[in-house]
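*Asks:* Take this structure first; my questions come after.
The values are calculated or read from the model by the stated rules, or taken from the named source; none is laboratory data. Treat the numbers as computed from the prediction; the structure is a model and nothing was measured. In this analysis, Cβ positions are derived from the backbone assuming ideal geometry, glycine residues included, and neighbour counts consider all displayed protein chains. For accessibility, only protein heavy atoms count, side chains too; no ligands or nucleic acids. Shrake-Rupley method; radii C 1.70, N 1.55, O 1.52, S 1.80 Å.
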Amino acid sequence: ETLPRGWWRARWNTSASARSTTSTPSDEIQSEEDKRFLGYELLALAKGLAGPIGNLRFGPEVGVGCLKADADVVSVWLNEIDAICHDLPRLNVIGSKETVVLDHDARRIDEVIAPNSIRAVITSPPYPNEKDYTRAMRLESVILGFIRSRADLRNVKRSLIRSNTKNVYKGDSDCQWIEGVPDIEELVAKVESSRVQLNKTSGFERLYSRVTKLYFGGMARHLANLRPCLKKGAKLAFVVGDQASYFRVLIKTGELLGEIAKSLGYTVVRRDLFRLRHATSTGQKLREEVLIMEWNNDE
C-alpha cells in the first residue's frame, strides 16, 4: 500500500492523550487499531533502538555502552518512518518480479527450493570465528517478534551454520560431511595442538577445534544439498573471510571452501580479493574474498 505523506505524525499526535507513562513505544505502536502499517512502524523502532535511541555499542561484538539518561525516541522514530516513506516509491522501478524470503536452514536448502531452479547465488555465509551472529540483531529480533523466549533463541541458533562455540550442541553431526579431508583434519589438529601448548582449558576453548570442523562440515552439507537446486551453468559468489580467532591459527576460509566445493563437483573459477581486514588478535591483514564458482554437472 502507498503510505500517505504525514500519516505517522497525525497518528502519534492523536494517541498522545491516551499515552501511559509506563507503556513502551512498542506497546503504543501495537495498541493502535489500524494495523496496516504496523510492520513499518516496528521496523523503524527496531532500527532506532539499535542506533540513536538505545545504549548498544558495536565492538566488534555487541555490548552495552554508556547508559543514556534520556533519548528523543519520537523524533528518531519519525525520522526512520520518513526514510521508509522515501525509499518505498523507489521499489516501483524494479518492476513486478516477486521476492520471496524463506526462513529455513541453509544446510537443508533442497527442502524449500525447487530442483533445477537457480541460475545464480550471491551470499555471505558466517565466518569461522567467535562471533555470535545472533547477538548482532538480538534486540531487533525481539522487537519484531522473531524471538520471544530462550527456546526461540535456541531454535534460531540450532538452525545456523556452526561458526562459534555459543551455537555448538550435543549431537551436532556436520563433521561427518568432511571426514578424512586432509586439509581440514590438519587444520583441526593444529587448533587443538595450539590449545594444549598454551594450556587453555576453558569450556569454550576446548570447543575451538570442534567448531572449526563443524563449520566446514556444515558448509559442505550446504553445498552438497544446494546442487539439485541449481541449473546447469549456474554461477555462485560466496563472500568469505580468513580468520585467526582460534589461538591465532590462520584459517584460510575461501581456499578451504574452494577445495570442498571442487570435491562436490563445483568448478572453482577464482577467488577475488574483496578487501583486507585488520585482525585484532594478531595485527595481521586478513583476506576477505569472493569465491566464484560454477555448477556444470547434470545432477
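*Asks:* Once you compute Rg and the Kirkwood Rh from C-alpha atoms, what is the Rg to Rh ratio for the chain?
*Replies:* Values: Rg = 22.8 Å, Rh = 22.3 Å.
When Rh is taken as the Kirkwood radius, the ratio is 1.02.
*Asks:* If you don't mind, another one. For segment 36-138, state which GluC sites (Glu not before Pro) are in a DSSP loop and have at most 11 other beta carbons lying within 10 Å of their beta carbon.
*Replies:* Working: sites: Glu41, Glu61, Glu80, Glu98, Glu111, Glu130; in loops: Glu61, Glu98, Glu130.
When the GluC sites (Glu not before Pro) of segment 36-138 are filtered for loop state and at most 11 Cβ neighbours within 10 Å, Glu61, Glu98 remain.
*Asks:* Then there's this: How large are Rg and Dmax for segment 214-293 when only the alpha carbon atoms are used, in Å?
*Replies:* Calculated on Cα positions, Rg and Dmax stand at 13.6, 42 Å.
*Asks:* Can you run the Rg to Rh ratio on segment 37-87? Use alpha carbon positions and the Kirkwood inverse-distance Rh. Show your work: numbers first, answer last.
*Replies:* Details: Rg = 12.0 Å, Rh = 11.7 Å.
Here Rg/Rh amounts to 1.03.
*Asks:* Determine, at each q value in 0.16, 0.20, 0.21 (inverse angstroms), the log₁₀ of I(q)/I(0) that the Debye formula gives when each Cα of segment 50-146 is one equal point scatterer.
*Replies:* Summing over Cα pairs of segment 50-146 leads to -1.09, -1.23, -1.24.
*Asks:* Amide H of Ala234 versus every other amide H placed in the peptide plane: which residues, excluding those fewer than 5 positions away on the same chain, fall under 5 Å?
*Replies:* Distant-sequence amide H within range of Ala234: Trp295.
*Asks:* Oh, and also: Tell me the Rg and the Dmax, in Å, that the Cα atoms of segment 90-238 produce.
*Replies:* 18.1, 59
*Asks:* What share of the DSSP beta bridges in the chain is antiparallel, in percent to the nearest 5?
*Replies:* 80
*Asks:* Send over a whole-number figure in Å² for the accessible area per residue of segment 54-185, probe 1.4 Å.
*Replies:* Per-residue accessible area for segment 54-185 comes out at 66 Å².
*Asks:* With just the Cα atoms defining each centre, how far is segment 216-247 from segment 138-184? Give it in Å.
*Replies:* 16
*Asks:* Build a GNM of the chain with springs between Cα atoms under 10 Å: which of Lys131, Lys166, Lys262 gets the top mean-square fluctuation?
*Replies:* Residue with maximal mean-square fluctuation among Lys131, Lys166, Lys262: Lys262.
*Asks:* Quick one: helix 208-226 against the long Cα principal axis of the chain, what's the angle to the nearest 10°, folded into 0 to 90?
*Replies:* 80
*Asks:* Hey, what angle do you get for helix 38-48 against the long axis of the chain, alpha-carbon based, 0 to 90 degrees rounded to 10?
*Replies:* 70
*Asks:* Calculated from DSSP H runs of 4 or more alone, at -39500 (n - 2.57) each and per residue, what is the 222 nm mean residue ellipticity of the chain, nearest 500?
*Replies:* One gets -11000 deg cm²/dmol as the mean residue ellipticity at 222 nm.
*Asks:* Of the residues Ala237, Ala69, Ala44, which exhibits the maximal mean-square fluctuation in a Gaussian network model of the chain defined by a 10 Å Cα contact cut-off?
*Replies:* Looking only at Ala237, Ala69, Ala44, the largest GNM fluctuation is found for Ala69.
*Asks:* Would you kindly state how much longer the chain becomes between Arg206 and Ala83 on full extension, computed as 0.36 nm times their sequence separation minus their alpha carbon distance, in nm to one decimal?
*Replies:* Length gained between Arg206 and Ala83: 39.6 nm.
*Asks:* Relative to the longest principal Cα axis of the chain, at what angle does helix 73-87 sit, 0 to 90 degrees, rounded to 10?
*Replies:* 70
*Asks:* Roll a 1.4 angstrom probe over the protein heavy atoms and tell me the percent of accessible area of the chain that is carbon or sulfur.
*Replies:* On the way: 9070 of 17250 Å².
Here carbon and sulfur together make up 53 percent of the probe-accessible area.
*Asks:* Report the net charge of residues surrounding Gly258, where surrounding means a beta-carbon distance below 13 angstrom and charges are Lys +1, Arg +1, Asp -1, Glu -1.
*Replies:* So the surrounding residues net to -2.
*Asks:* Given the options Pro128, Pro89, Pro228, state which has the largest fluctuation in a GNM of the chain using a 10 Å cut-off (strictly under) for Cα springs.
*Replies:* Result for the chain, Cα springs under 10 Å: Pro89 fluctuates most.
*Asks:* If we sort 151-157, 141-147 on the protection proxy, mean other Cβ atoms within 10 Å, highest first, what's the order?
*Replies:* The packing order, highest mean first, is 141-147, 151-157.
*Asks:* Compare the Cα positions of Ile161, Ser96, Gly203 along the charge dipole of segment 87-231 (+1 at Cβ of Lys, Arg; -1 at Cβ of Asp, Glu; about the Cα centre) and return the one farthest towards the positive end.
*Replies:* Gly203
*Asks:* Using the Karplus equation 6.51 cos²θ - 1.76 cosθ + 1.60 (θ = phi - 60°), what ³J(HN,Hα) coupling, rounded to whole Hz, does each residue of segment 124-129 give in order, writing x for Gly and Pro?
*Replies:* Here the 3J(HN,Hα) series is 10, x, x, 9, x, 8 Hz.
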